[in-house]
Amino acid sequence: MLRVLLSAQASAARLSGLLLLPPVQPCYLGPSKWGDRPPGGGPHAGPVQGLQRLLEQARSPGELLRWLGQNPTKVRPHHYPVALRRLGQLLGSRPQPPPVEQATLQDLSQLIIRNCPSFDIHTIHVCLHLAVLLGFPSDGPLVCALEQERRFRLPPKPPPPLQPVLRGGQRLEAALSCPRFLRYPRQHLIRSLAEARPEELTPHVMVLLAQHLARHRLREPQLLEAIAHFLVVQEAQLNSKVVQKLVLPFGRLNYLPLEQQFMPCLERILAREAGLAPLATVNILMSLCQLRCLPFRALHFVFSPGFINHISGTPHALIVRRYLSLLDTAVELELPGYRGPRLPRRQQVPIFPQPLITDRARCKYSHKDIVAEGLRQLLGEEKYRQDLTVPPGYCTDFLLCVSSSGAVLPVRTQDPFLPYPPRSCLQGQAAPQPTTRDPAQRVVLMLRERWHFCRDGRVLLGSRALRERHLGLMGYQLLPLPFEELESQRGLPQLKSYLRQKLQALGLRWGPEGG
């Protein structure tokens, strides 16, 4: 069993480790009939310390065994680590260890096994460490006995709570309900969804999934298609308050599902539920507005005098009017074929009168301040406006007024707003021809920060894409500033050079040569 320990091929490095261990200090167990004294008892040390010296001075493994076996009443637990340490010194001090009878080591091993139940936890740890260094097999009787005693000395661990067996839908719900559910990999969500049976996918589970995707900007087609399919299959059982939550990620993530019945299903739900939950109805239309899929029949309903009068006295009247104002803008700019009712002018309010909440929350991570400083040094602060809200209520990052020749003009000398609505003259019978023509163009520098996009993608969020689309349709010339390009500029001088190249690419001029 221990032939490898005694052979000439025994690892010198492993045995030399034993020589570096500090001597094992004897543990005083109190007075006995032998007159044992505590450590440091001077020249009159008792038989216990005398036995330790004999073990430390033993000249062979056989002598070690003889001292332990012939003095059973004097042996204490701490003597066994001393014996094992001396055994390592004997085997590692010579290049050719002397041959030892295997029976001698087996007897030493059995002696330790027989007495280890009386060892304290420290002695067990030291003996186990020395036995491993000496090469005793990990599955041999000595190491197994010491390891078993070590486990007995450990305090009992409370049994782990029984985890209920969760099925696919339950696993998905548990993951999404966890406060740290963002740390769950997306593949985990996809796998849980794939393993769920149809009856396990409840509206509550699918709403949690939709909110998770929308909140963390996860544009996962497989999960979004699953939500769209669920909406179509469960159409009859879903009310508009649930549907608004299921539809939210599609508009926010700018994703139109491939499910062919998605839009017909939503139109039927809107026709059935529009009068029951006004705010939910408008929320659904807001998501569809971002997807450019507004149904005319639903627009007829929400722009009707009855619906507008109904929401006027409700607690959410202002937010509904703001959403209706945005829907009316979308009709004006994107639906030239619509001939139904519109939101009355007196009911319209600014859509987004200030920067969006996400921009305000992340202002310390934004590039807006450094871009503003770059424009100030490059153009002069009189030639641009920052955070200007233009009709019908879109907040712009930076706005420039540019002449027909490309010269950047002082903003104070120009009207920074383009007329809105741009096609209003087409709706009248006859429109008077303007006597003067404003030749100035309006250039809007749009910051595209990292959080303006879906996570891990290059697709703008629905609200951002809608704002840029509408500003472009109103006649503003857009100059996007992507976050990758802004992050690559090292310091203000590089940023000024970057802005100069961007503006010159549009043919803009400023300074003495620009007029």
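Being surrounded by 21 or more Cβ atoms within 10 Å (Cβ to Cβ) and polar (S, T, N, Q) is the filter here, so list the residues in segment 226-253 that pass it.
SER240, GLN244
Considering only segment 350-359, I want to know if a residue exists there that is at pLDDT below 90, aromatic (Phe, Trp, Tyr) and surrounded by 14 or more Cβ atoms within 10 Å (Cβ to Cβ). Working first, answer last.
Looking only at segment 350-359, we keep the residues that are at pLDDT below 90, and these are 350-359.
Within this subset, residues satisfying the condition of being aromatic (Phe, Trp, Tyr) are 352.
Next, only the ones that are surrounded by 14 or more Cβ atoms within 10 Å (Cβ to Cβ) stay: 352.
Yes, there is a match, as at least one residue in segment 350-359 is at pLDDT below 90, aromatic (Phe, Trp, Tyr) and surrounded by 14 or more Cβ atoms within 10 Å (Cβ to Cβ).
For segment 275-286, what are the residues that are of a type outside the set (A, V, I, L, M) and either open to solvent by 10 Å² or more (accessible area, probe 1.4 Å) or over 37 Å from the mean Cα position of the chain (by Cα) (or both)? Don't jump to the end; show me each part of the working.
Of the residues in segment 275-286, the ones of a type outside the set (A, V, I, L, M) are 275, 278, 281, 283.
Selection gives GLY275, PRO278, ASN283.
Take the conditions open to solvent by 60 Å² or more (accessible area, probe 1.4 Å), modelled with pLDDT of 95 or more and farther than 25 Å from PRO221 by Cα and apply them to GLN477. Does it pass? Let's see the steps before the verdict.
Values: open to solvent by 60 Å² or more (accessible area, probe 1.4 Å): yes; modelled with pLDDT of 95 or more: yes; farther than 25 Å from PRO221 by Cα: yes.
Yes, satisfied.
Suppose the filter is under 29 Å from LEU224 (Cβ atoms) and out of contact with any strand residue (DSSP E or B) (no Cβ under 7 Å at 6 or more places or on another chain); does ILE308 pass it?
Numbers: under 29 Å from LEU224 (Cβ atoms): no; out of contact with any strand residue (DSSP E or B) (no Cβ under 7 Å at 6 or more places or on another chain): yes.
No; evaluated as a whole, the condition is false for this residue.
Quick one: ARG292 ticks every box in (1) under 31 Å from the mean Cα position of the chain (by Cα); (2) buried (at least 21 other Cβ atoms within 10 Å of the Cβ); (3) within 25 Å of GLY337 (Cα to Cα) bar one, so which box is it?
With (1) under 31 Å from the mean Cα position of the chain (by Cα); (2) buried (at least 21 other Cβ atoms within 10 Å of the Cβ); (3) within 25 Å of GLY337 (Cα to Cα) applied to ARG292, the lone miss is (2).
Would you mind finding the one in LEU418, LEU399, LEU378 that is assigned to a helix (DSSP H, G or I) and either open to solvent by 40 Å² or more (accessible area, probe 1.4 Å) or not acidic (Asp, Glu) (or both)? Break it down into steps so the answer makes sense when it comes.
Numbers: LEU418 fails: assigned to a helix (DSSP H, G or I); LEU399 fails: assigned to a helix (DSSP H, G or I).
On inspection, the qualifying residue turns out to be LEU378.
I'd like the full set of residues that are under 31 Å from the mean Cα position of the chain (by Cα) and either under 25 Å from ASP415 (Cβ atoms) or open to solvent by less than 60 Å² (accessible area, probe 1.4 Å) (or both), limited to segment 489-503. Reasoning before the result, please.
Within segment 489-503, the subset under 31 Å from the mean Cα position of the chain (by Cα) is 489-491, 495.
GLN489, GLY491, LEU495, listed by residue number.
Please go through segment 452-490 and give me each residue that is among the acidic types (Asp, Glu) and part of a loop (DSSP other than H, G, I, E, B), ordered by number. Don't jump to the end; show me each part of the working.
Filtering segment 452-490 down to residues among the acidic types (Asp, Glu) leaves 456, 468, 484-485, 487.
Of everything in segment 452-490, just one residue is among the acidic types (Asp, Glu) and part of a loop (DSSP other than H, G, I, E, B), namely ASP456.
Across segment 295-306, what is the total count of residues that are open to solvent by 10 Å² or more (accessible area, probe 1.4 Å) and either touching a residue at least 60 places away in the same chain (Cβ under 8 Å) or part of a helix (DSSP H, G or I) (or both)?
Residues that pass the stated criteria total 7.
Scan segment 70-91 and tell me whether some residue there is modelled with pLDDT under 85, among the small types (Gly, Ala, Ser) and assigned to a loop (DSSP other than H, G, I, E, B).
No: zero hits.
Residues being more than 25 Å from ARG292 (Cβ to Cβ), open to solvent by 60 Å² or more (accessible area, probe 1.4 Å) and not in a loop (DSSP other than H, G, I, E, B): count how many of those fall in segment 313-339.
1
Of the residues LEU258, LEU223, which single one is more than 22 Å from LEU327 (Cα to Cα), open to solvent by 40 Å² or more (accessible area, probe 1.4 Å) and among the hydrophobic types (A, V, I, L, M, F, W, C)? Even if it seems obvious, please write down each step before you answer.
On the way: LEU223 fails: open to solvent by 40 Å² or more (accessible area, probe 1.4 Å).
Of LEU258, LEU223, the one residue that is more than 22 Å from LEU327 (Cα to Cα), open to solvent by 40 Å² or more (accessible area, probe 1.4 Å) and among the hydrophobic types (A, V, I, L, M, F, W, C) is LEU258.
Can you tell me which residue within segment 185-201, out of those that are surrounded by 17 or more Cβ atoms within 10 Å (Cβ to Cβ) and not in a helix (DSSP H, G or I), is modelled with the lowest pLDDT?
Taking the candidates together, the pick is ALA196.
Would you call LEU266 surrounded by 22 or more Cβ atoms within 10 Å (Cβ to Cβ), modelled with pLDDT of 95 or more and more than 28 Å from the chain's Cα centre (by Cα)? Lay out the reasoning, then the answer.
Details: surrounded by 22 or more Cβ atoms within 10 Å (Cβ to Cβ): yes; modelled with pLDDT of 95 or more: yes; more than 28 Å from the chain's Cα centre (by Cα): yes.
Yes: the conditions hold for LEU266.
The values are calculated or read from the model by the stated rules, or taken from the named source; none is laboratory data. A quick note: this is a predicted structure, and the numbers were derived from the prediction, not measured. Using ideal geometry, Cβ is built from the backbone for each residue, glycine included, and neighbour counts are taken over all protein chains shown. The accessibility values were calculated without ligands, DNA or RNA, using every heavy atom of the protein model including side chains. Shrake-Rupley method; radii C 1.70, N 1.55, O 1.52, S 1.80 Å.
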